[in-house]
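Following this message is one structure expressed as structure tokens.
The values are calculated or read from the model by the stated rules, or taken from the named source; none is laboratory data. Bear in mind the structure is a predicted one, so any value in this text is a computation, not a measurement. Quick reminder, even Gly has a Cβ in these numbers, built from the backbone with ideal geometry, and neighbours come from all protein chains shown.
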């Protein structure tokens, strides 16, 4: 009988290599360091985020202070990226539940919305990579506010 089950999500159940590459390259670009392809980052991954940050940081910049600051920035970017994906999933599931319970599932509309969701995620990820987490938070709050108001007006309608 098993008493403990351990899941290794990163790289096993979740493909986060793109997120790792985007966050790494964002920090590198901010510091004027060389950036890396996804394949190059794949070979840097392993032994945790601090080791990844050390590997993408040029040897001449590997001071304890610089590594600590880069790791903090890296974790902020990863957290914001994860929160964005979680919010997107939650709103999609909530919308699907509302339409299923009301019996108003429109397949064409759903597929169109799905395509625009994919496009929005792609554009959002690129915006996040170029502008950083501080610029993304207001956008997320505005979009969620609009979504909330629209849903509220439809319910109270």
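Mind listing whichever residues of the stretch 56-78 are free of Cβ contacts under 8 Å to residues at least 24 places away in the same chain and surrounded by 14 or more Cβ atoms within 10 Å (Cβ to Cβ)?
If the condition is that a residue be free of Cβ contacts under 8 Å to residues at least 24 places away in the same chain and surrounded by 14 or more Cβ atoms within 10 Å (Cβ to Cβ), then 66, 67, 69, 71 are the ones that fit.
Just wondering, is there one or more residues in the stretch 81-93 that are touching a helix residue (DSSP H, G or I) at 6+ places or on another chain (Cβ under 6 Å), assigned to a helix (DSSP H, G or I), surrounded by 11 or more Cβ atoms within 10 Å (Cβ to Cβ) and modelled with pLDDT under 80?
Yes.
I'd like to check something: does the stretch 116-138 contain any residue that is surrounded by 15 or more Cβ atoms within 10 Å (Cβ to Cβ) and on the phi > 0 side of the Ramachandran plot?
yes
I'd like the full set of residues that are surrounded by fewer than 10 Cβ atoms within 10 Å (Cβ to Cβ) and either in a helix (DSSP H, G or I) or modelled with pLDDT of 80 or more (or both), limited to the stretch 99-110.
Scanning the stretch 99-110 gives 101, 102, 107, 108.
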